[in-house]
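The values are calculated or read from the model by the stated rules, or taken from the named source; none is laboratory data. Computed from a predicted model, the values in this text were never measured in an experiment. Heads up: the accessible areas ignore ligands, DNA and RNA and are worked out on the full protein's heavy atoms, side chains in. Shrake-Rupley method; radii C 1.70, N 1.55, O 1.52, S 1.80 Å.
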Amino acid sequence: MHASTDRRPTRRATTPSPAADPRTMRAVAQRAFAGQGVAKEAKRAHKPDAIDFEEAAVSTISGITALQALTKVGRLETGQYVLVIGASGGVGSFTVQLAKALGATVTGKPVIRVRP
């Protein structure tokens, strides 16, 4: 069965298999992640060769977090003003770009930590 149409539940990966492709199996903790997943063809995207799998995962989570904060939580509408504190971080940088794309006027403020 083709991977994009297979809707069976995934099996948990208890330990990384030596035969598994290391690019597709990143086990941070034992029993933390499945070795395979299921996604609709239209929802899949290729990882650029220039970034590793961890960077690709982080950017996906950061982008989704920013989008949900603006649309579902903040209910952003075109023409509104958005202040992003922490605009230079992972979620903040996505928030600035997405808010602008959604028609908002955006002001970004980086968080600067001063160490004693």
>> Skipping prolines and chain starts, which residues have an amide H placed within reach, meaning under 5 Å, of the one on GLN80, given they are 5 or more residues away or on another chain?
In response: THR105
>> For SER62, SER93, SER88, give me the order by solvent-accessible area with a 1.4 Å probe, most accessible first, ignoring ligands, DNA and RNA.
In response: SER88, SER93, SER62
>> Can you give me the long-range amide H partners of SER88? Hydrogens built in the peptide plane at 1.01 Å from N, cutoff under 5 Å, separation of 5 or more residues or another chain.
In response: VAL111
>> Using only the heavy atoms of the protein chains and a 1.4 Å probe, how would THR105, THR95 rank by accessible area, largest first?
In response: THR105, THR95
> In terms of solvent-accessible area of protein heavy atoms at a 1.4 angstrom probe, what is the ranking of ILE64, ILE51, ILE85, highest value first?
Replying inline: ILE85, ILE64, ILE51
>> With θ taken as phi - 60° and the coefficients 6.51, -1.76 and 1.60, list the Karplus ³J(HN,Hα) couplings across segment 73-87 in order, rounded to whole Hz; mark glycine and proline as x.
In response: 7, x, 6, 4, 10, 3, x, 7, 9, 10, 9, 10, 8, x, 5
> What figure in square angstrom, to the nearest 10, would you give for the accessible area of LEU98 with a 1.4 Å probe?
Replying inline: 50 Å²
> Where a Cα-Cα gap under 23 Å defines reach, which lysines qualify for LYS109, not counting those fewer than 8 residues away within the same chain?
Replying inline: LYS72, LYS100
